[in-house]
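Nothing in this text is a laboratory measurement; each read-out follows from the coordinates by a stated rule. None of the values given here were measured: they were computed from a predicted structure. As a convention, Cβ positions derive from the backbone with ideal geometry for all residues, glycine included, and neighbour counts pool all protein chains shown.
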Amino acid sequence: MNAKQKSTRLKRNPGTRLDLDWVDSIAVNRSAVERRTKTLLGRRSVKKEWQVAWLLKALSCIDLTTLSGDDTPERVRRLCAKALNPVGKEILAALGMENRSLKTGAVCVYHNMIGPALDALDGAPLPVAAVSTGFPAGQSPLDIKLLEIEKSVAAGASEIDIVISREHALTGNWLAVYDEVKAFRAACGSAHMKTILATGELGTLRNVARASAVCMMAGADFIKTSTGKEPVNATLPVSLVMVRMIREYYQRTGIYIGYKPAGGISSAKDALGYMFLIKEELGRRWLEPDLLRFGASSLLGDIERQLGHCVTGSYAALHRQAMG
């Protein structure tokens, strides 16, 4: 981690040898997965002060993200300012939170915006995450992918979001997936590695489960659903499969692996659904920012609106929660 971004972190995932017997044994009952997740939101709700607590926790787990071709240092500066002060002072005062430190989990940018992000944060204890390895398609040569990671770490990124080569997973070449992710892990050095599976492009839930297991064995600190650029991104069925693989890896190794759903999570209600699932499947420990992140750019605005509603009884206009 960059010296300007000190924070308490879990022990890194050292990885394990590739256990192909485990990989081959993994199967997923799709209908059971869909039944489990279909009823989740209908059976779960939180009200009043409990809702506020859950929303504040969700806010603290957001990777506030800008990944656009027209990103500028000024846009990144505004993003960082919002990450450090995500909720208006009036709302915090009404909630009795005016003296509490509240910020998002990280800011996530392209490599070229790492420097502007660090300058904007000016030593504040907030991680800067950078997407890498030919994001989003992952079609660059391996040596270029490794160089990308190394340059982003050298530039000061303390978290690297990498993408796997989907063709290896689609053809069942799990050794190639393992070797690639292990090489990425080595290139990350001290930076934490979030491994993006691009689940919407893996074809089956069984492939999602197997890719999750292989990436964790290769040293992923987080497994992440999507780049946010695929036609289908995070879903609750995919999340159930991935968090159950995290649970199994923990039972096998005692190592905590984080989870990051990304893409299409734009409402507080959506975020709460993922959090309820994670709490029930993994437990309370996985609801902290070192183990849970939401890859989102618009989620924060809706959470702030919901918090405002809890305080005032009415919803603010969306432009009141703009980044700038």
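Pulled fully out, how much extra length does the chain show between Ser190 and Leu175, if you take 0.36 nm times their separation in residues and subtract their Cα-Cα distance?
The span from Ser190 to Leu175 would gain 3.0 nm if fully extended.
Taking 0.36 nm per residue of separation and subtracting the Cα-Cα distance, what length does fully extending Ser101 through Asp71 add? Intermediate values should be presented prior to the final figure.
Details: separation 30, 0.36 × 30 = 10.80 nm, distance 2.78 nm.
Gain on extension, Ser101 to Asp71, equals 8.0 nm.
May I ask you to compute the full-extension gain from Arg285 to Leu40, defined as 0.36 nm times their residue separation minus their alpha-carbon distance, rounded to one decimal in nm?
Extra length available between Arg285 and Leu40 comes to 86.2 nm.
Taking Rh as the Kirkwood radius, which is the inverse of the mean 1/r over Cα pairs, what is the Rg/Rh value for segment 41-153?
1.08
Treating the angle as unsigned and between 0 and 90°, give the value, to the nearest 10°, between the Cα long axis of helix 73-84 and the longest Cα principal axis of the chain.
That helix lies at roughly 80 degrees to the long axis.
Counting just the Cα atoms, what span does the chain cover along each of its three principal axes? Round to the nearest Å and put the largest first.
56, 45, 34
With all pairs of different alpha carbon atoms counted, what Kirkwood hydrodynamic radius in Å does segment 134-225 show?
That comes to 12.9 Å for segment 134-225.
Tell me which of Gly134, Leu102, Met113 sits at the most positive position along the dipole axis of the chain, charges placed on C-beta atoms (Lys, Arg +1; Asp, Glu -1).
Checked the options; the winner is Leu102.
Counting other beta carbons within 10 Å of each residue's own, what order do Thr37, Thr204 fall into, fewest first?
Thr204, Thr37
If I take every Cα pair under 8 Å that is 6 or more residues apart in the chain, average their sequence separation and divide by the length, what percent do I get for the relative contact order?
21
In debye, nearest 20: dipole of the chain around its Cα centre with unit charges on the Cβ of K, R (+) and D, E (-)?
1060
Out of Leu64, Leu291, Leu92, any idea which swings most in a Gaussian network model of the chain, alpha carbons joined below 10 Å?
Taking springs between Cα atoms under 10 Å, the residue moving most is Leu92.
For each of Asp302, Asp24, count neighbouring Cβ atoms within 10 Å of the residue's Cβ, then give the residues from fewest to most.
Asp24, Asp302
Which is farthest toward the positive dipole end of the chain among Gly203, Ala191, Pro86, measuring Cα position about the Cα centre, with Cβ charges +1 (Lys, Arg) and -1 (Asp, Glu)?
Of the candidates, Pro86 comes out farthest on the positive side.
Once the Cβ-Cβ distance between Lys151 and His309 is put in as r, and R0 is 41 Å, what FRET efficiency do you end up with, to the nearest 0.05?
That pair, Lys151 with His309, gives E of 0.40.
Report the calculated FRET efficiency for Glu49 and Ser266 (r = Cβ-Cβ distance, R0 = 22 Å), to the nearest 0.05.
Efficiency, from the Cβ-Cβ distance: 0.35.
To the nearest 10 degrees, how steeply does helix 268-281 sit against the main Cα axis of the chain, on a 0 to 90 scale?
50
By counting other Cβ atoms within 10 Å of each Cβ, how are Asp71, Asp290 ranked from fewest to most?
Exposure proxy ranking, most exposed first: Asp71, Asp290.
Which order do the peptides 147-154, 221-228 come out in when sorted by mean C-beta neighbours inside 10 angstrom, highest first?
In decreasing order of mean packing, 147-154, 221-228 become 221-228, 147-154.
Compute the distance in nm between two label points, each set 7 Å from the Cα along the Cα-to-Cβ direction, one at Gln251 and one at Asp143.
4.4
Relative to the longest principal axis of the chain, what angle (0 to 90°, nearest 10) does the C-alpha long axis of helix 142-155 take?
Between the helix axis and the principal axis of the chain, the angle is about 30 degrees.
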